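Reading through the structure tokens given below for one structure.
The values are calculated or read from the model by the stated rules, or taken from the named source; none is laboratory data. Every value quoted in this text rests on a predicted model; they were computed, and no experiment measured them. Every residue, glycine as well, gets a Cβ built from its backbone with ideal geometry; the counts of neighbours run over all protein chains shown. These accessible areas exclude ligands, DNA and RNA; they are computed on the full protein's heavy atoms, side chains included. Shrake-Rupley method; radii C 1.70, N 1.55, O 1.52, S 1.80 Å.
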Amino acid sequence: MAVASAAPLLAMNGAVKMATNSQVYLEGTKVKETKSLIAELCRHFYNQGWVSGTGGSITIKVNDDSIPKPQQLIVMSPSGVQKERMVEEGMYVLSSNGCVLSAPLAKPYPYKSPKCSDCAPLFLKAYEMRNAGAVIHSHGMESCIVTMLNPLLKEFWITHMEMIKGIQGHGYYDELVVPIIENTAHERELTESLTEAIKAYPKTTAVLVRNHGIYVWGDSWISAKTQRCVVLDIEGTTTPISFVIDVLFPYARDNVGRHLDATYDSAETQEDIKLLRAQVQEDLENGVVGAVPIPSDDAGKEEVIAALVTNVEAMIKADRKITALKELQGHIWQTGFQNNELEAVVFDDVPEALERWTALGLKVYIYSSGSRLAQRLIFGYTNYGDLRKYLCGFFDTTVGNKRETKSYTEITASLGVDNPSEILFVTDVYQEAIAAKAAGLEVIISVRPGNGPLPENHGFRTITSFSEI
């Protein structure tokens, strides 16, 4: 009799203990860190214009390896709260099956009573069907506009866009396809159509909602939003200086006349000539050595080309980092690579590092004084084959001089990272390292054969191989 009567008491004590442990966990460090992160991201997204007012929402799984995945907790931003005013205490905590385990306390008038996001059922579907670690819902204007371009289209697709390579499972030549579903009066009513879209598009990491916004997910909040970036110089960093000095520059110099003569009437070459005319005029006004006047087109093709060749040879000899020269060189090299007269050389450790960084989810970019066309050619026709599949984008002198801090500030803004320190810049030039560091980037100096000497006590980490990164 005593044993029988003790069973309910033991069961009740076990339930009390379990509830107590759960409450302790809900108030623990892991959950608090996730709440704080979401509040921070909401404010950041608001400042970026990705969310406005009370629109949009963010949800993240609590990262705790000690909890089995089916039981992991989900932290979700509330509905009806201004994104720039989000705070840690205002978050909801849900179980993996959608039960609310913790809700924020109500605030006094004029604040509304707290409410869990209407997006919750859609978020849970992404967690369930894609094993996501984070889901973001944005009302960004761009995502709305692409759904309005053609009201009959059921999907948005794009290809040959550099930034596609930042999305898992996609390369530059692939088609990125994002399904479009129709909007409804209430967000929870989108759950069924979102589910069908996820089923129909197994590679997609996002679903667009017409005239509404986008739902996007990833393994973590970092992959759902952005990732750390590596920005690489070329000459002396990925490629021997000797290849540039002894192969590329002489080829461009020796083929200026032939290239201009063969392509003189093309729109591309006429644009190159226009840029060169403007640069030479500026050089003449500033008394730059080697600059000679370029006659008008009325003087005839031969005289114009002769003057252009003289100026270009002087620019190459002075190793000038100017857009007009770099654009022309890129077009000359394009012919050389396509005719198998040129093959780019990269250091032996470069291909393996690019593959490794890409596998880790890092986004890799190139920043060189050479034109973006020249950069694509160098990595597209290497002694290791086409390496462009590992690269997410290219920056050249149109973004600014590589020795000026504002250039790296501009790159940081373009990449959309939270902090410049999330970008690693690798270069062989001390002055470039100084400029990048001043912009807040992490910097490593590449020490390769043929590179120039560094000042004593320069203060930067150095490497002789990408395998050291």
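Using only the alpha-carbon atoms, how far is helix 323-338 inclined from the longest principal axis of the chain? Give it as 0 to 90 degrees, nearest 10.
Tilt relative to the chain: about 90 degrees.
Along the charge dipole of the chain, Cβ charges K/R +1 and D/E -1, which of ILE273, VAL443, HIS44 sits furthest on the positive end?
HIS44
As a test of reading the structure, rank SER36, SER138 by solvent-accessible area (1.4 Å probe, protein chains only), most first.
In descending accessible area the options line up as SER36, SER138.
Starting from 0.36 nm per residue, how many nanometres of slack lie between GLU468 and GLU175 once their C-alpha separation is accounted for?
Full extension from GLU468 to GLU175 adds 102.1 nm.
Which of the lysines could a cross-linker bridge to LYS321, judged by Cα under 23 Å and excluding same-chain residues fewer than eight apart?
Candidates past the 8-residue exclusion: LYS274, LYS402, LYS406, LYS437.
Return a whole-number percent for the relative contact order of the chain, with Cα pairs under 8 Å and 6 or more residues apart as the contact set.
Computed value for the chain: 12 percent relative contact order.
Quick check: from the Cα gyration tensor, does the range 319-420 come out rounded (a/c under 1.5), prolate or oblate?
Oblate, since a/c reaches 1.5 and b/c is not below a/b.
Of TYR201, TYR46, which has the most accessible area and how do the rest follow, probe 1.4 Å?
From most accessible down to least: TYR46, TYR201.
As a test question: what accessible area, to the nearest 10 Å², does THR464 have when a 1.4 Å probe is rolled over all protein chains in place?
90
Taking square-rooted eigenvalues a ≥ b ≥ c of the alpha carbon gyration tensor, is the range 240-340 rounded, prolate or oblate, where a/c under 1.5 means rounded and, failing that, a/b exceeding b/c means prolate?
Oblate is the answer for the range 240-340, as a/c is 1.5 or above yet b/c matches or exceeds a/b.
If you place +1 on the Cβ of every Lys and Arg and -1 on the Cβ of every Asp and Glu, how big does the dipole about the Cα centre of the chain come out, in debye to the nearest 20?
Rounded to the nearest 20 debye, it is 2260 debye.
Can you check what the net charge comes to around PRO351, using other residues whose Cβ is under 14 Å from the Cβ of PRO351 (Lys, Arg +1; Asp, Glu -1)?
Its environment carries a net charge of -2.
Order of 376-388, 264-276, 426-438 by packing, highest average Cβ count within 10 Å first?
426-438, 376-388, 264-276
Mind checking the full-extension length gain between GLU302 and HIS160? Use 0.36 nm per residue of separation minus the Cα-Cα distance, one decimal, nm.
Extra length from GLU302 to HIS160 when fully extended: 47.3 nm.
By a straight-distance test (C-alpha under 20 Å), which lysines pair with LYS115 as possible cross-link partners, with residues fewer than eight away in the same chain excluded?
LYS32, LYS35, LYS61, LYS83, LYS107, LYS125
Expressed in nm to one decimal, what extension gain is obtained for the pair ARG403 and GLU271 from 0.36 nm per residue of sequence separation less their Cα-Cα distance?
Taking ARG403 through GLU271 to full extension adds about 44.8 nm, to one decimal.
With angles folded into 0 to 90 degrees, how steeply does helix 301-317 sit against the dominant principal axis of the chain? Use alpha carbons for both and round to 10.
70
Give the shape of the range 381-422 as rounded, prolate or oblate, defined through the alpha-carbon gyration tensor: a ≥ b ≥ c are the square roots of its eigenvalues, a/c under 1.5 means rounded, and otherwise the shape is prolate if a/b is larger than b/c and oblate if not.
Oblate, because a/c is 1.5 or more while a/b does not exceed b/c.
If you take the charge dipole of the chain about its Cα centre, with +1 on Lys and Arg Cβ and -1 on Asp and Glu Cβ, which of GLY257, PRO455, GLN329 is farthest toward its positive end?
PRO455
Kindly sort TYR109, TYR390, TYR365, TYR173 by accessible area of their heavy atoms, largest first, with the probe set to 1.4 Å.
Heavy-atom accessible area, descending, gives TYR109, TYR173, TYR390, TYR365.
Counting only the heavy atoms of the protein chains, how much of VAL399 is accessible to a 1.4 Å probe, in Å² to the nearest 10?
Accessible area of VAL399: about 30 Å².
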